[in-house]
Amino acid sequence: MTNDNLKNILNAVKDGSMDVVQGMEKLRDLPYQDIGHTKIDHHRSLRNGFPEVIYGAGKTPQQVGDIFEHMCGRNNVLATRVSLETAGHVTARFPHVEYNETANTLTCKSKKIEYNSGTVGIITAGTSDLDVAEEALVTCDMLGSRAAIISDIGVAGIHRMLDRIDEIRKFSVLIVIAGMEGALSSVIGGLVEQPIIAVPTSVGYGANFSGLSALLGMLTSCASGVTVVNIDNGFGAACAACKINKAIDR
């Protein structure tokens, strides 16, 4: 349920093209729908602008499939951290649902996506960070922001990033993804004026502590205007980038 959906229902009841009973039927699952194992928050986009997203990890394939069954007809649906087993179950039940194996996402596009004017740049230090980048890319698309990935331009070969700096400066918001020591966000932060959302990844050798070294490096960046999300959280970075992108359009 979006603001536009709610306005259309209320206006239809007001002008008589929809009776009160029909209007109540449209609104009966607000603010949420209880399907037993899950309470689906159909009201969320009215409160914060984005619909509820399914977090696939820890849910059974059947549970994720049930949630899709009750969400797909109402709005576009995104599920993150989806296993191959869960993806197989859901796509067998709903052939129109698409699985991105790199991003580990499922998407159901039942409504036309209206995009903001700006484009989010998703920059990765290495090819090994592409799973997080793809999660961010899919999320941006589903939340109404165009996005593009520039991959494998980390500080181990800084000339690769400098070759793309003019292109990077054209994006409205930047998501910078890096493992190891996480230096790329600081380097780019010293060269551009756009807001930067840094994503530390769990890529790295032993003392990387599964991404903790990159997280701490990004949190202690000397470049101003760099905001940091949690380790491997491409979804969270994309949500923040989309809110910034949306605000720029206002």
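The values are calculated or read from the model by the stated rules, or taken from the named source; none is laboratory data. Small disclaimer: the values here were computed from a predicted structure and weren't measured. Here Cβ is always computed from backbone atoms with ideal geometry, including for glycine, and neighbour counts include all displayed protein chains. Side chains included, ligands, DNA and RNA excluded: accessible areas come from the protein's heavy atoms. Shrake-Rupley method; radii C 1.70, N 1.55, O 1.52, S 1.80 Å.
Please report the accessible area of HIS70 (heavy atoms, 1.4 Å probe, ligands and nucleic acids excluded) in Å², nearest 10.
60
Using a cut-off of 13 Å between alpha-carbon atoms, which aspartates and glutamates can reach LYS7, once sequence neighbours fewer than 8 places away in the same chain are excluded?
Straight-distance partners of LYS7: ASP15.
Normalized C-alpha radius of gyration of the stretch 128-168, against 2.2 N^0.38 Å?
That works out to 1.32 for the stretch 128-168.
Heavy atoms only, probe 1.4 Å: what % of the accessible area of the chain goes to carbon and sulfur, would you let me know?
Taking all protein chains in place, the chain shows 52 percent carbon and sulfur surface.
Share of antiparallel DSSP beta bridges in the stretch 96-250, in percent to the nearest 5?
The antiparallel proportion sits near 15 percent.
What is the sum of charges, Lys and Arg at +1 and Asp and Glu at -1, for the other residues whose Cβ falls under 14 Å from the Cβ of ASP249?
+3
How big is the stretch 177-227 by Rg and Dmax over its Cα atoms, in Å?
Answer for the stretch 177-227, Rg first and Dmax second: 10.4, 34 Å.
For the stretch 38-165, what is the Kirkwood hydrodynamic radius in Å, using each pair of distinct C-alpha atoms?
Taking the inverse mean of 1/r over all distinct Cα pairs, the stretch 38-165 comes out at 15.8 Å.
Quick check on my link table: of LYS59/LYS109; LYS14/LYS243; LYS14/LYS39, which ones sit more than 28 Å apart, alpha carbon to alpha carbon?
Where the Cα-Cα span goes over 28 Å, the pairs concerned are LYS14/LYS243; LYS14/LYS39.
Over the Cα atoms of the chain, what radius of gyration and what Dmax do you get, in Å?
Spelled out, the Cα radius of gyration and Dmax of the chain are 20.0, 67 Å.
With the convex hull built on the Cα atoms of the stretch 143-207, state its orientation-averaged projected area in nm².
Values: hull surface 19.6 nm².
Directional mean of the projected Cα hull area for the stretch 143-207 stands at 4.9 nm².
P(r) for the stretch 122-233: what percent of alpha-carbon pairs falls in each 5 Å bin, starting at zero?
2, 14, 25, 27, 20, 9, 2, 0
Helix-derived [θ] at 222 nm for the chain: sum -39500 (n - 2.57) over DSSP H runs of at least 4, divide by residue count, nearest 500?
Computed ellipticity for the chain at 222 nm equals -11000 deg cm²/dmol.
In straight Cα distance, which lysines are under 19 Å from LYS246, not counting same-chain residues fewer than 8 positions off?
LYS111, LYS112, LYS170
Could you please report the charge total around GLY88, scoring K, R as +1 and D, E as -1 over all other residues with beta-carbon less than 15 angstrom from its beta-carbon? Each step should come with its number before you reach the end.
Details: positive: LYS59, ARG93; negative: GLU85, GLU98, GLU101.
Within the 15 Å Cβ shell, the charges total -1.
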